[in-house]
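Following: one structure in structure tokens, then a few remarks.
The values are calculated or read from the model by the stated rules, or taken from the named source; none is laboratory data. Quick caveat: nothing in here was measured; it's all calculated off a predicted structure. Here the Cβ positions follow ideal geometry from the backbone for every residue, glycine too, while neighbour counts run over all protein chains shown. Just so you know, the surface numbers come from the protein's heavy atoms only, side chains and all, with ligands and any DNA or RNA stripped out. Shrake-Rupley method; radii C 1.70, N 1.55, O 1.52, S 1.80 Å.
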Amino acid sequence: MDDEPPAISILKSYIENVPQLEIVGTCKNAFEAMSILNEKNVDLMFLDIHMPKLIGTQFLKTLTNPPKVIFTTAHKDFAIEAFDLDAIDYLLKPIPFERFLKAVNKFCDLVNPEIEASENSPGFLYFRADRKMIKVWIDEILYIESFKDYIIIHRVGSSNLRVKQTLSSVEKMLPQNLFLRIHRSFIVATNKITAYTKNDVEIGKIEIPFGSNYGDVISKLTNDSNAFKNDG
């Protein structure tokens, strides 16, 4: 819901590029939004703050069973209130597509808890590459490498995927029980590690170093803070 046609147009173009999402309606004020919510099943609502007559946070408070909400706004001042209302994310305009996609992946993670499930039902994420959205199964990922302004996703049985995104943003998208950042340039899938030393981990024949600022990674891998303590 947004009262600015250009903003609605941008959101629509973003949503149309994400296969998980389907637009069921757009509206310019709270009354139009209420009509849509009463008539259709809505799982996720993109909601602006400054709207005619009733601002976004006030409108959300009026709903008995609100859908999940991602706020889209040019104003920083309402962020705390928005998260107090259990908003999934708070996006500041102009919204880069990568930031939009990160928020959508948060929503998918919430409504699809199987993202942390067993190998029989692995979750997935979508990444924008080669002018399209590419599905990446969580269980396919071996490790993710940062390279300048891009990341490279190394996968089992598939070619590497080069994505314009930061490693830190991807780290927040991945299930923490399955992935571990061991270096400022590397995130590894812990269940794909075949061996490790006090200096690196091995995934098959690939050796990936521990970063100097990631001294606790061995204890995270082994739940043993004394690993290699007496190793000369």
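Within region 53-70, the set of residues being outside any helix (DSSP H, G or I), more than 17 Å from Asn41 (Cα to Cα) and either in contact (Cβ under 8 Å) with a residue 24 or more places away in the chain or touching a Pro at 6+ places or on another chain (Cβ under 6 Å) (or both) comprises Lys53, Leu54. Contact annotation: residue pairs with Cβ atoms under 7 Å, 6 or more positions apart or on different chains, pairing a residue in region 123-151 that is farther than 21 Å from Phe186 by Cβ with a partner that is open to solvent by less than 40 Å² (accessible area, probe 1.4 Å) and β-branched (Val, Ile, Thr), are Gly123/Ile115; Gly123/Ile138; Phe124/Val136; Phe124/Ile138; Tyr126/Val18; Tyr126/Ile134; Arg128/Val163; Met133/Val18. Checking the condition open to solvent by less than 30 Å² (accessible area, probe 1.4 Å) and in a strand (DSSP E or B), which residue from Leu161, Leu142 passes? Only one candidate qualifies: Leu161. Please work out if Leu11 is outside any helix (DSSP H, G or I) and under 15 Å from Thr73 (Cα atoms). Criteria not met by Leu11.
Screening Arg155 with (1) at pLDDT 85 or above; (2) surrounded by fewer than 14 Cβ atoms within 10 Å (Cβ to Cβ); (3) not β-branched (Val, Ile, Thr) gives one miss only, at (2).
Considering region 164-193, the residues that are of a type in the set (Lys, Arg) and assigned to a loop (DSSP other than H, G, I, E, B) include one that is most open to solvent (accessible area, probe 1.4 Å), namely Arg184. Across region 19-38, a minimum of one residue is classified as open to solvent by less than 80 Å² (accessible area, probe 1.4 Å), in contact with a Leu (Cβ under 9 Å, 6 or more places away or on another chain), closer than 25 Å to Ser168 by Cβ and touching a residue at least 40 places away in the same chain (Cβ under 8 Å). Applying the criterion of being open to solvent by less than 60 Å² (accessible area, probe 1.4 Å) and over 15 Å from Glu145 (Cα atoms) to the residues of region 194-213, the residue that is modelled with the lowest pLDDT is Thr197. Among the residues that make up region 50-64, is at least one of them within 22 Å of the chain's Cα centre (by Cα) and either closer than 28 Å to Gly123 by Cβ or open to solvent by less than 20 Å² (accessible area, probe 1.4 Å) (or both)? Checking region 50-64: not a single residue is within 22 Å of the chain's Cα centre (by Cα) and either closer than 28 Å to Gly123 by Cβ or open to solvent by less than 20 Å² (accessible area, probe 1.4 Å) (or both). The test for being assigned to a strand (DSSP E or B), under 16 Å from Arg128 (Cα atoms) and of a type in the set (A, V, I, L, M, F, W, C) holds for Ile152.
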